[in-house]
Every structure is written in C-alpha cells, then in structure tokens.
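Asker: This is the structure, below, for whatever I ask next.
The values are calculated or read from the model by the stated rules, or taken from the named source; none is laboratory data. For clarity, every value in this text was computed on a predicted model and none was experimentally measured. With ideal geometry, Cβ positions are generated from the backbone for all residues, glycine too; neighbour counts draw on all protein chains shown.
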Amino acid sequence: MDLSRTSTITISAALKRQRRVVHAVILRNIRTRFFGHGLGYFIAVGWPVSHILILILIFTVTGRAAPYGESVVLFIATGTVPFMVFSYLSRFMMVNLLTTKPLLNLPGVNALDVLIAGALLEIVTSGLVIIIMLLLGLAFDIPMIPRDISTAFAALGAAILLGCGMGVINSVIVIAVPMWMTGYSLLIIAIWASSGVVFVPDMVPEPYRSYLAYNPALQIVEWMRSAYYTGYGQLVLDKPYTIAFGMVCLAGGLVLERTLRNYILSSR
C-alpha cells in the first residue's frame, strides 16, 4: 500500500470533517446569537455600526472639530473600525467557546473547531460592517475609500491577527476562570480609552506617548489612519511590533489550548 497516498487521504478526510464541524458551529452561532433566530444575526451586524454612528453623533452634537483632518466622521470611523474588528474578535471568540461548550460532548467536536468557527463568523460580521460604513460614506458624500488601499487591508489583517490571538487566549482563560469574561470586558474599556480612537497619539507629550505605543490596539488604529492621512502616525506607528505581538498572542493561545485541552474537555 502507498503510505503517502494513505496519509494524504487521511489528512483530506480530517480536513473535510473539520470543515463540516466548523460550518455546523457557525450556523448554530448565527441562529442562537440573538433571540434564538437566524434573523437576530442582523443585530450582530447593526450593533457595531450603531456604536460607530453614536460616537460620530456625540462629536457632531458637541461641536468638536476633527482632531486630525477636516472630517470628524472620517477620523472617528477610521479609528473605530479597526478597533472594533480587534475587540469583537477577542471578546466573542471567548463568549462562543463558553456558550457552545456543551457541543464538546459531541464526538468529533473539539475546542479548536469552536474557536475557528467563532473567528470566521466575527471576520464575516466585521466585513459586513465595513461594507455598510463604505456605503453610508458614499450616500453622504464622505470620502471613506482609503488613499492607500493596500495599507488599509494590511491594517485590517493586523487587527484580525491581534483579535484572533487575544481571542484564543481569552477563550482558554475563561474556561478556567469564568469571571475573566467580566474582567476582560472592563479591560477592553481601558484599552479603548488609550487606543487613539478619539485623539491623535502623536500629539501626546513624552514619555506618555511612548507608553501608549505599547498598546497594540493603538498600533492598528494608527496603521489604518495612515492609509487615509499622508504622514499620519510617524512618531508612534510600529508595524513590525504590531505583527509580532499578534503572532505571539496567537501562537501562545494555541499552545495554551493544546496544553489545557484535557482540562477544557473535563470541565464541559
């Protein structure tokens, strides 16, 4: 018997199994996310859009000028979207594993399948939110199309990498310490406040600017805005640090999941 062919068939069968499991978990998450009905998924898309619009409305009603550039809407949107991609991934991957933990009792379903399904669903949701914001920009004649499209895609990729890395770590921690869900929800508020969504980090005096630069969420916001504003983020933006931080989080989270897999299964 050809061992290499047998090995290939085995790997192919495993991938097909995982694809079916991930697909089933995604459909379950869509149906159960809100109100136990698939139509509730529209709230999952509308929720982050409403967050962005509310923040824009606050700036507009209070008469605050854009901290950078001429458009308040563009400044807020370019900061909120990458942060939202990161924060929603890192939180809802954690929530998905906790709420779908009973599925681990089924044969062929493991924690990694649930994590992949949660990540894919949040990435699709974020993509829909971005499309809606672009369409709203076109409708109201706001220049939402980035000056440098490749840089904008790279910033989104970095946000997804960071969100997935933190999401895996959070998912494993919350199984052992359920209170971590509340702790991370509070922590994400502090991360948001220091991420540069509503201010320009380059204008912060030293040494505080250097302290803020260690926040990877700030880095992805700066990265995205550099795709819209020429010369933005020259004093703070560090792309290699952002990628390295995200990769370390993802690798560390996967190692942690593998190490504690038996504990996760026993706690189901």
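Asker: So which residues in the stretch 93-118 are crowded, with 23+ Cβ neighbours inside 10 Å and hydrophobic (A, V, I, L, M, F, W, C)?
Answerer: MET93, MET94, LEU97, ALA111, VAL114, LEU115, ALA117
Asker: Just the residues that are assigned to a loop (DSSP other than H, G, I, E, B) and among the hydrophobic types (A, V, I, L, M, F, W, C), please, taken from the stretch 79-111. If you could, list the steps in order and put the result at the bottom.
Answerer: Within the stretch 79-111, the first condition is being assigned to a loop (DSSP other than H, G, I, E, B), and the residues that meet it are 100, 106-110.
Scanning the stretch 79-111 gives LEU106, VAL109.
Asker: Being under 18 Å from ILE189 (Cα atoms) and among the aliphatic types (A, V, I, L, M) is the filter here, so list the residues in the stretch 57-98 that pass it.
Answerer: Answer for the stretch 57-98, where residues must be under 18 Å from ILE189 (Cα atoms) and among the aliphatic types (A, V, I, L, M): ILE58, ILE76, ALA77, VAL81, MET84, VAL85, LEU89, MET93, MET94, VAL95.
Asker: Hey, among the residues in the stretch 97-112 that are in contact with a Lys or Arg (Cβ under 9 Å, 6 or more places away or on another chain) and under 21 Å from LEU161 (Cα atoms), which one's modelled with the lowest pLDDT?
Answerer: ALA111
Asker: For the stretch 195-229, which positions are acidic (Asp, Glu) and in a helix (DSSP H, G or I)?
Answerer: Filtering the stretch 195-229 down to residues acidic (Asp, Glu) leaves 202, 206, 222.
Matches in the stretch 195-229: ASP202, GLU222.
Asker: On to the next question. Against the conditions (1) at pLDDT 90 or above; (2) among the small types (Gly, Ala, Ser); (3) touching a Lys or Arg at 6+ places or on another chain (Cβ under 8 Å), where does SER210 fall short? Just the number, please.
Answerer: Going through (1) at pLDDT 90 or above; (2) among the small types (Gly, Ala, Ser); (3) touching a Lys or Arg at 6+ places or on another chain (Cβ under 8 Å) one by one, SER210 breaks only (3).
Asker: Between a first residue in the stretch 42-57 that is closer than 15 Å to PHE83 by Cβ and a second residue that is among the aromatic types (Phe, Trp, Tyr), which pairs have beta carbons less than 8 Å apart while being 6 or more apart in sequence or on different chains?
Answerer: Pairs found: PRO48/TYR88.
Asker: State which residue pairs qualify: first residue under 11 Å from SER90 (Cβ atoms) and inside the stretch 174-188, second residue among the β-branched types (Val, Ile, Thr) in any location, beta carbons under 7 Å apart, and separation of 6 or more residues or different chains.
Answerer: Short answer, once both residue conditions are applied: none.
Asker: Related question: Looking at this structure, is ILE76 over 19 Å from the mean Cα position of the chain (by Cα), buried (at least 17 other Cβ atoms within 10 Å of the Cβ) and either among the hydrophobic types (A, V, I, L, M, F, W, C) or not in a helix (DSSP H, G or I) (or both)? Let's see the steps before the verdict.
Answerer: Numbers: over 19 Å from the mean Cα position of the chain (by Cα): no; buried (at least 17 other Cβ atoms within 10 Å of the Cβ): yes; either among the hydrophobic types (A, V, I, L, M, F, W, C) or not in a helix (DSSP H, G or I) (or both): yes.
Here the answer is no, as ILE76 does not meet what is asked.
Asker: Moving on. Part of a loop (DSSP other than H, G, I, E, B), touching a residue at least 60 places away in the same chain (Cβ under 8 Å) and either of a type in the set (D, E, K, R) or under 20 Å from ASP202 (Cα atoms) (or both), is that true of GLY69?
Answerer: Numbers: part of a loop (DSSP other than H, G, I, E, B): yes; touching a residue at least 60 places away in the same chain (Cβ under 8 Å): yes; either of a type in the set (D, E, K, R) or under 20 Å from ASP202 (Cα atoms) (or both): yes.
Here the answer is yes, as GLY69 does meet what is asked.
Asker: Among the listed residues LEU134, LEU138, LEU161, which satisfies the condition of being at pLDDT 90 or above and either in a helix (DSSP H, G or I) or surrounded by fewer than 19 Cβ atoms within 10 Å (Cβ to Cβ) (or both)? Before you say what the answer is, go through the steps one by one.
Answerer: Values: LEU134 fails: at pLDDT 90 or above; LEU138 fails: at pLDDT 90 or above.
None of the others qualify; the one that does is LEU161.
Asker: Hey, another quick one. Out of everything in the stretch 141-157 that is aliphatic (A, V, I, L, M) and modelled with pLDDT under 90, what residue ends up being farthest from LEU27 (Cα to Cα)?
Answerer: Quick first cut of the stretch 141-157, residues aliphatic (A, V, I, L, M) only: 142, 144-145, 149, 152, 154-156.
Of the ones still in play, those that are also modelled with pLDDT under 90 are 142, 144-145.
Details: ILE142: 35, MET144: 31, ILE145: 32 Å.
Selected residue: ILE142.
Asker: Suppose we keep only residues that are surrounded by fewer than 19 Cβ atoms within 10 Å (Cβ to Cβ), hydroxyl-bearing (Ser, Thr, Tyr) and within 20 Å of the chain's Cα centre (by Cα) within the stretch 196-254. Which one would you say is farthest from GLY157 (Cα to Cα)?
Answerer: TYR214
Asker: Counting only residues that are assigned to a helix (DSSP H, G or I), among the polar types (S, T, N, Q) and loosely packed, with under 15 Cβ neighbours inside 10 Å, which one in the stretch 23-65 is modelled with the lowest pLDDT?
Answerer: In this case the residue turns out to be THR60.
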